[in-house]
Amino acid sequence: MDISLLHGALKEEKKFRHTQAEKAVFVDLIDDWSQATTFPIALREKLNSECPLEIKAEVTGGSGKKGVAKALITLNDGEQIETVLIPQADGRFAVCLSSQVGCPLACVFCATGMNGFTRNLRAEEIVEQFLFWARYLKKENYGRIDNAVFMGQGEPFLNYEEVMKAIKILNDPENFNFGARRISISTSGVLNGIKRLAGEKLQVNLAISLHAPSDALRSNIMPLAGKTPLKKLLEAVDNYIAKTGRRVMFEYLLIKEVNDRDEDAIMLAKLLNKPLYLTNLIPYNPTGRFQPSTPARTARFKDLLERAGLSVTARRSLGQEIDAACGQLAGKRKKR
Ligand code: SAH
Ligand code: SF4
């Protein structure tokens with residue numbers, strides 16, 4: 001599917017047809033123009049040949065309403081990306097979106113990063129992932145998407161324009177009408193992106209992948225993102241908070257004997273003990289090189305942060321069994 005072909009295919013049609021067509025795709029979630037029954041048959045056929053709606057995807061997992069499902073989507077140029085549907089404990093659904101084919105930042109704990117970078121996604125290709133899950137939930141009669149997180153493959157702030165364009169398409173009250181408050185962007189710390197987001201009139205949530213309490217350790221595990229000094233990164237976050245008044249989530253992966261020592265917790269607590277800073281401890285999903293922290297270590301780490309006064313959450317890890325958890329999205333390259 002390439003929805004950017006839609007308006008070209010409709011160029012001889014009146015404006016209302018464009019509006020109807022968008023509504024059919026984004027609101028009624030049709031997956032074939034033959035379902036656009038208000039359209040003349042000839043137009044349905046033309047659209048099916050010039051702007052087909054089929055999304056080429058292979059789904060794994062997704063057993064029942066509670067199972068995490070992963071879709072491997074083949075794009076028009078043959079590149080493949082992964083997107084994940086994550087049922088929440090409260091019955092809501094989150095989708096995890098990719099922003100790039102691969103990622104150039106090469107974090108050593110991340111399957112995407114270890115596979116290199118191919119290209120940025122276009123806004124339509126980001127929206128396509130969302131559309132895929134919206135159709136899936138409708139077909140299964142499970143309901144709607146409640147949250148969308150840019151935590152799939154790629155660094156969203158290295159593809160800023162297209163990510164923002166996609167968010168605006170999702171926001172459009174005439175289309176998905178999916179509020180920015182329900183969208184989170186996770187960045188490994190691209191300063192320019194944080195700065196630009198602070199200037200947008202959008203209530204998108206921001207998450208920062210910190211993963212280490214010192215520049216030395218951070219650059220060991222995040223060779224490129226770690227080049228940005230923590231001091232500068234936190235300054236950018238503080239400016240963002242001053243401008244937007246919004247909370248920021250700091251993500252911290254717990255990797256056994258790498259960043260989970262008592263002194264790491266103590267250093268981290270010093271960095272993150274500020275109002276509107278939230279800390280989220282994430283279990284490391286094995287991607288080959290490291291081991292996750294033990295449950296006892298994780299509890300101790302959390303306790304040290306809480307005793308220092310931080311607001312800490314510890315995220316449950318979902319989807320490991322189908323390699324769909326954060327950092328495990330390798331796309332087709334893994335399968336070669
Ligand atoms: N590039 C962005 C967004 C995609 S990664 C970023 O790094 O923030 C989404 C989240 O998954 C990040 O917090 C990332 O650090 C985390 N992640 C990467 N590898 C992981 C792994 N093996 N286990 C758990 N989380 C991982
Ligand atoms: Fe890229 Fe994020 Fe993976 Fe790092 S963790 S390699 S920034 S996708």
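Say we look at the range 193-210 and pick out the residues that are open to solvent by 10 Å² or more (accessible area, probe 1.4 Å) and under 18 Å from residue 96 (Cβ atoms); which of these is farthest from ligand 1 (Cβ to nearest atom)? Give the derivation first.
Within the range 193-210, the subset open to solvent by 10 Å² or more (accessible area, probe 1.4 Å) is 195-196, 198-203, 205, 209.
Next, from what is left, pick out any that are under 18 Å from residue 96 (Cβ atoms): 205, 209.
On the way: 205: 13, 209: 4 Å.
Residue satisfying both the conditions and the ranking: 205.
The conditions are (1) farther than 19 Å from residue 287 by Cα; (2) open to solvent by less than 20 Å² (accessible area, probe 1.4 Å); (3) part of a helix (DSSP H, G or I), and residue 49 fails exactly one of them. Which is it?
For residue 49, the exception is condition (2).
Of the residues 112, 60, 83, only one is of a type in the set (Ser, Thr, Tyr), modelled with pLDDT under 95 and crowded, with 22+ Cβ neighbours inside 10 Å; which? It would help to see each step written out before you state the result.
On the way: 60 fails: crowded, with 22+ Cβ neighbours inside 10 Å; 83 fails: modelled with pLDDT under 95.
Checking each option against the conditions leaves just 112.
Just the residues that are of a type in the set (S, T, N, Q) and either without any contact (Cβ under 8 Å) to a residue 40 or more places away in the chain or more than 20 Å from residue 255 (Cβ to Cβ) (or both), please, taken from the range 96-152. Reasoning before the result, please.
Pass one, the range 96-152, residues of a type in the set (S, T, N, Q): 98-100, 112, 115, 118, 120, 129, 141, 147.
Within the range 96-152, 98, 99, 100, 118, 120, 129, 141, 147 meet the criteria.
Would you check if there is a residue in the range 265-279 being within 14 Å of ligand 2 (Cβ to nearest atom), among the β-branched types (Val, Ile, Thr) and outside any helix (DSSP H, G or I)? Break it down into steps so the answer makes sense when it comes.
Taking the range 265-279 and keeping what is within 14 Å of ligand 2 (Cβ to nearest atom), we get none.
No, every residue in the range 265-279 fails to be within 14 Å of ligand 2 (Cβ to nearest atom), among the β-branched types (Val, Ile, Thr) and outside any helix (DSSP H, G or I).
Among the residues of the range 18-42, count how many are in a loop (DSSP other than H, G, I, E, B) and either closer than 17 Å to residue 4 by Cβ or open to solvent by less than 70 Å² (accessible area, probe 1.4 Å) (or both).
Of the residues in that region, 9 qualify.
Could you grab me the full set of residues in the range 115-151 that are within 14 Å of ligand 1 (Cβ to nearest atom), at pLDDT 95 or above and over 13 Å from the mean Cα position of the chain (by Cα)?
117, 120
Looking at the range 141-192 only, could you name the residues that are of a type in the set (A, V, I, L, M, F, W, C), within 16 Å of ligand 2 (Cβ to nearest atom) and surrounded by fewer than 19 Cβ atoms within 10 Å (Cβ to Cβ)? Spell out the reasoning first.
Filtering the range 141-192 down to residues of a type in the set (A, V, I, L, M, F, W, C) leaves 145, 148-151, 157-158, 163-164, 166-167, 169-170, 176, 178, 180, 183, 185, 190-191.
When the remaining residues are screened for being within 16 Å of ligand 2 (Cβ to nearest atom), the result is 149-151, 157-158, 163, 185, 190-191.
Scanning the range 141-192 gives a single hit, 191.
Can you tell me which residue within the range 241-253, out of those that are at negative phi and more than 20 Å from the chain's Cα centre (by Cα), is least open to solvent (accessible area, probe 1.4 Å)? Break it down into steps so the answer makes sense when it comes.
First pass over the range 241-253, keeping only residues at negative phi: 241-244, 246-253.
Going one step further and asking which of them are more than 20 Å from the chain's Cα centre (by Cα), we end up with 241-244.
Working: 241: 23, 242: 88, 243: 145, 244: 46 Å².
Selected residue: 241.
Scan the range 86-102 for residues that are within 16 Å of ligand 1 (Cβ to nearest atom), open to solvent by less than 20 Å² (accessible area, probe 1.4 Å) and not polar (S, T, N, Q) and report the count. Full working, then the answer.
Here is the first cut: in the range 86-102, the ones within 16 Å of ligand 1 (Cβ to nearest atom) are 86, 94-102.
The next check asks that each one be open to solvent by less than 20 Å² (accessible area, probe 1.4 Å); those that pass are 94-102.
Applying the additional criterion that residues be not polar (S, T, N, Q) yields 94-97, 101-102.
Looking only at that region, the number is 6.
If you go through the range 279-297, how many residues are open to solvent by less than 40 Å² (accessible area, probe 1.4 Å) and at pLDDT 90 or above?
Kept after step one, since they are open to solvent by less than 40 Å² (accessible area, probe 1.4 Å), are these residues of the range 279-297: 279-282, 284-285, 290, 293.
When the remaining residues are screened for being at pLDDT 90 or above, the result is 279-282, 284, 290, 293.
So the count comes out to 7.
Which of the residues that make up the range 214-239 are closer than 25 Å to residue 288 by Cβ, open to solvent by 10 Å² or more (accessible area, probe 1.4 Å), within 16 Å of ligand 1 (Cβ to nearest atom) and of a type outside the set (A, V, I, L, M, F, W, C)?
219, 220, 223, 227 - these are the residues of the range 214-239 that are closer than 25 Å to residue 288 by Cβ, open to solvent by 10 Å² or more (accessible area, probe 1.4 Å), within 16 Å of ligand 1 (Cβ to nearest atom) and of a type outside the set (A, V, I, L, M, F, W, C).
Against the definition (closer than 20 Å to residue 108 by Cβ, modelled with pLDDT of 90 or more and surrounded by 16 or more Cβ atoms within 10 Å (Cβ to Cβ)), how does residue 264 come out, yes or no?
Working: closer than 20 Å to residue 108 by Cβ: yes; modelled with pLDDT of 90 or more: yes; surrounded by 16 or more Cβ atoms within 10 Å (Cβ to Cβ): yes.
Spelling it out, residue 264 is indeed closer than 20 Å to residue 108 by Cβ, modelled with pLDDT of 90 or more and surrounded by 16 or more Cβ atoms within 10 Å (Cβ to Cβ).
The values are calculated or read from the model by the stated rules, or taken from the named source; none is laboratory data. Computed from a prediction, not measured in an experiment: that's the story for all the values here. All Cβ positions, even for glycine, are placed from backbone atoms using ideal geometry, and neighbour counts span all protein chains on display. Side chains included, ligands, DNA and RNA excluded: accessible areas come from the protein's heavy atoms. Shrake-Rupley method; radii C 1.70, N 1.55, O 1.52, S 1.80 Å.
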